[in-house]
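Asker: Dumping the structure here so I can ask a few things about it.
The values are calculated or read from the model by the stated rules, or taken from the named source; none is laboratory data. These figures come from a predicted structure and were not determined experimentally. A quick note on method: Cβ atoms are made from the backbone with ideal geometry, for glycine too, and the neighbour counts reach across all protein chains shown.
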Amino acid sequence: MRGSGSRFRGGAVLSKGTHVPRRTCLACRGTNDKRDLERHVLAEDGTLTPDPEKRLPGRGYYSCRAESCRSRLAGMAGKLKKRKRG
Ligand SMILES: [Zn+2]
């Protein structure tokens, strides 16, 4: 039970509500707050499916909400898809 008196809580990095995960827009390589980016999931057939709820399984790719970045990301989908095994 010892150690429950938290000595170090002043410098804690976690448990602050202010930290927002950052992600890179694949189209323009800009870094943004995760919530300011759109998540897309690469489907089996190589198309990017928008995932506004950020809950679809699979590899997620992020882009800005800007139309230019979204369409650019869509154009990159084919390259993102790895070659078939074998
Ligand atoms: Zn972008």
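Asker: Could you please give the count of residues in the range 34-67 that are among the charged types (D, E, K, R), assigned to a loop (DSSP other than H, G, I, E, B) and modelled with pLDDT of 90 or more?
Answerer: The first filter runs over the range 34-67 and keeps only residues among the charged types (D, E, K, R), leaving 34-36, 38-39, 44-45, 51, 53-55, 59, 65, 67.
Still in the running and assigned to a loop (DSSP other than H, G, I, E, B): 44-45, 51, 53-55, 59, 65.
Among the residues that remain, those that are also modelled with pLDDT of 90 or more are: 51, 53, 55, 65.
Total meeting the criteria: 4.
Asker: Of everything in the range 51-67, what is under 12 Å from the mean Cα position of the chain (by Cα) and within 16 Å of the ligand (Cβ to nearest atom)? Give them in sequence order.
Answerer: G60, Y61, Y62, S63, C64
Asker: One residue is enough: does the range 68-84 have a residue meeting the conditions in a strand (DSSP E or B) and either out of contact with any Lys or Arg (no Cβ under 6 Å at 6 or more places or on another chain) or away from the ligand (no atom under 15 Å from the Cβ) (or both)?
Answerer: Residues of the range 68-84 in a strand (DSSP E or B): none.
Within the range 68-84, none of the residues are in a strand (DSSP E or B) and either out of contact with any Lys or Arg (no Cβ under 6 Å at 6 or more places or on another chain) or away from the ligand (no atom under 15 Å from the Cβ) (or both).
Asker: Here is a list: L37, L26, L48. Which entry is within 16 Å of the ligand (Cβ to nearest atom) and within 9 Å of the chain's Cα centre (by Cα)? Don't jump to the end; show me each part of the working.
Answerer: Working: L26 fails: within 9 Å of the chain's Cα centre (by Cα); L48 fails: within 9 Å of the chain's Cα centre (by Cα).
Only one candidate qualifies: L37.
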